[in-house]
Each structure stands twice: as C-alpha cells, then as structure tokens.
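The values are calculated or read from the model by the stated rules, or taken from the named source; none is laboratory data. What you see is a predicted model, and the numbers here were worked out from it, not measured in a lab. Note: ideal-geometry Cβ built from the backbone for every residue, glycine included; neighbour counts use all protein chains shown. Side chains are part of the model used for accessible areas, which takes the heavy atoms of the whole protein and leaves out ligands, DNA and RNA. Shrake-Rupley method; radii C 1.70, N 1.55, O 1.52, S 1.80 Å.
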Amino acid sequence: PEGHSLSDLASLKTSEAVGGRAVFAVSGWAQVQRLFELEGLISSQEEENPAAVLCISGSDSGGGAGNQADLKTCSAFGVFGMSALTALTAQNTQGVAAISGVEAGFVEAQMDAVIGDIGVNAVKTGMLATKEIVRSVAGRIRSKKLPN
C-alpha cells in the first residue's frame with residue numbers, strides 16, 4: 001500500500017489501514033516525531049509542563065552512554081529529564097579508564113532534591129554501582145511511591 005502524508009492523518013478511514021494500522025511516508029525524524037505527537041504517543045516539546053523523568057544512572061564523560069545519553073533521549077522525546085548520578089566514569093569511545101563511586105546517601109539526596117521540588121512522572125535506572133545504591137534507590141522509589 002502507498003504511504004500517507006501527515007496531513008492525511010485526520011481523514012484516514014479504517015478501511016485504508018493495513019492490519020488496523022495506517023502506513024505513512026515520512027522523510028525524516030521531525031516527521032516521525034510529529035506523527036507520534038499526533039497519535040498521542042509523545043507530547044509536543046512546546047507543552048507547558050512536560051512529563052518529568054528521573055534518570056538514575058552513572059555518568060559517561062564521553063557522552064555516548066549513561067546519564068548523558070538518558071538526558072539526550074528525554075530531550076529528543078520532549079520530556080523533562082532530571083538526574084541522580086550513581087557513579088562517575090572517565091571514558092570515551094575506546095573504553096572506560098576509571099570509575100569513581102558515589103555514596104548511597106548522596107544518591108538519595110539528589111533524588112530527594114528533584115522529587116520534592118519538580119516531581120517525578122517516570123523513573124529510568126541505569127548503572128547502580130553498588131548494592132547500597134541499589135537498596136537506597138529501591139527504598140526511595142517505594143517510599144516516595146514513584147511511578148514505574
């Protein structure tokens with residue numbers, strides 16, 4: 001079947017869909033994002049109060065993984081990304097040169113700072129470097145009744 005343009009979305013009939021789904025021709029990521037917005041799968045970046053996502057993970061000095069990548073993903077989907085760092089790494093595309101831990105109490109303090117002020121609509125975890133951090137994060141998620 002031929003693809004539809006985004007302007008066709010409102011006028012599509014179920015009979016034109018393939019397997020209950022419409023087929024669209026898009027020419028770039030901006031159009032994919034717009035299609036997702038029209039379908040209600042993500043919110044527009046112009047939204048006054050976007051969802052707030054707390055990303056609890058290690059830092060990647062190279063920017064390609066860890067909390068830096070989590071925050072880039074949040075931004076790409078129009079949600080407000082916040083962070084609680086669990087470890088610091090010295091890394092690049094070649095590998096990890098060093099890791100420095102963060103105390104579990106400091107991870108809790110970071111979480112409390114954003115939970116109490118901004119609020120949290122979703123939580124995403126990554127590298128939880130020690131068993132103490134795992135226990136602290138799990139305890140805070142339970143006690144604060146954070147979603148997902």
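So here's what we get for this one:
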item	result
Elements of type strands (runs of 3 or more DSSP E) in the stretch 47-104, at least 3 residues being among the polar types (S, T, N, Q)	80-92
Qualifying position, being closer than 30 Å to G101 by Cβ, of a type in the set (G, A, S) and either at pLDDT 95 or above or open to solvent by 60 Å² or more (accessible area, probe 1.4 Å) (or both), among G63, G58	G58
Within the stretch 116-126, considering residues that are among the small types (G, A, S) and in contact (Cβ under 8 Å) with a residue 24 or more places away in the chain, the one farthest from V53 (Cα to Cα)	G126
Test: residue in the stretch 73-80 that is at pLDDT 95 or above, in contact with a strand residue (DSSP E or B) (Cβ under 9 Å, 6 or more places away or on another chain) and among the hydrophobic types (A, V, I, L, M, F, W, C)	no
Counted residues, the stretch 114-144 - those being modelled with pLDDT under 95, buried (at least 16 other Cβ atoms within 10 Å of the Cβ) and either more than 19 Å from the chain's Cα centre (by Cα) or more than 19 Å from D70 (Cβ to Cβ) (or both)	1
Only one of I42, I99 that is touching a Phe, Trp or Tyr at 6+ places or on another chain (Cβ under 7 Å) and either open to solvent by 80 Å² or more (accessible area, probe 1.4 Å) or modelled with pLDDT under 95 (or both)	I42
Residue identified as touching a residue at least 12 places away in the same chain (Cβ under 8 Å), small (G, A, S) and farther than 30 Å from R34 by Cβ among A129, A113	A129
Failed criterion for M111 (all others in (1) in a strand (DSSP E or B); (2) modelled with pLDDT of 95 or more hold)	(1)
